[in-house]
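The values are calculated or read from the model by the stated rules, or taken from the named source; none is laboratory data. Keep in mind it's a predicted model, so treat the numbers as computed, not measured. Cβ: placed from backbone, ideal geometry, glycine included. Neighbour counts: every protein chain shown. Surface areas here come from the heavy atoms of the whole protein model, side chains and all, with no ligands, DNA or RNA. Shrake-Rupley method; radii C 1.70, N 1.55, O 1.52, S 1.80 Å.
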Amino acid sequence: MMMSGFFRFGVWQNFFRAWKSGYSGNLEGEGFTLGGVYVIGAGRQGVLLEHREKEFGDKVSLLSVLEAAEKIKPQAS
């Protein structure tokens, strides 16, 4: 994303949302890597939830993470 991420409106919205809620972060690191969240089930269940950031500050829905986690079935030994 490099410099194009700096000019995206959504990135600035996410920055101000985080700043208003009191998040400051450490501002260390290279700053160009987008993150993601995966919920992976046991055994052959595979990936139950995949969320990849499309722009900096793109958050995953906590409700969708909890719903996916509830779908994990214990693996029989």
Subset of the stretch 30-43, residues under 15 Å from Ile72 (Cβ atoms) and modelled with pLDDT under 90, comes to Gly43
Out of the residues in the stretch 29-58 that are without any contact (Cβ under 8 Å) to a residue 12 or more places away in the chain and under 23 Å from Gln13 (Cβ atoms), which is least open to solvent (accessible area, probe 1.4 Å)? Gly31
Report whether or not Gly25 is modelled with pLDDT under 70 and exposed (fewer than 11 other Cβ atoms within 10 Å of the Cβ). yes
Within the set of pairs 6+ apart or on separate chains, which have a first residue in the stretch 8-19 that is closer than 7 Å to Glu55 by Cβ and open to solvent by 100 Å² or more (accessible area, probe 1.4 Å), a second that is among the charged types (D, E, K, R) and modelled with pLDDT of 75 or more, and C-beta atoms under 7 Å apart? Arg8/Glu55
Considering only residues of the stretch 59-77 that are within 26 Å of Arg8 (Cα to Cα) and open to solvent by less than 50 Å² (accessible area, probe 1.4 Å), which is modelled with the lowest pLDDT? Val60
Residues located in the stretch 32-76, provided they are within 10 Å of the chain's Cα centre (by Cα) and among the basic types (Lys, Arg): Arg52, Lys54, Lys59
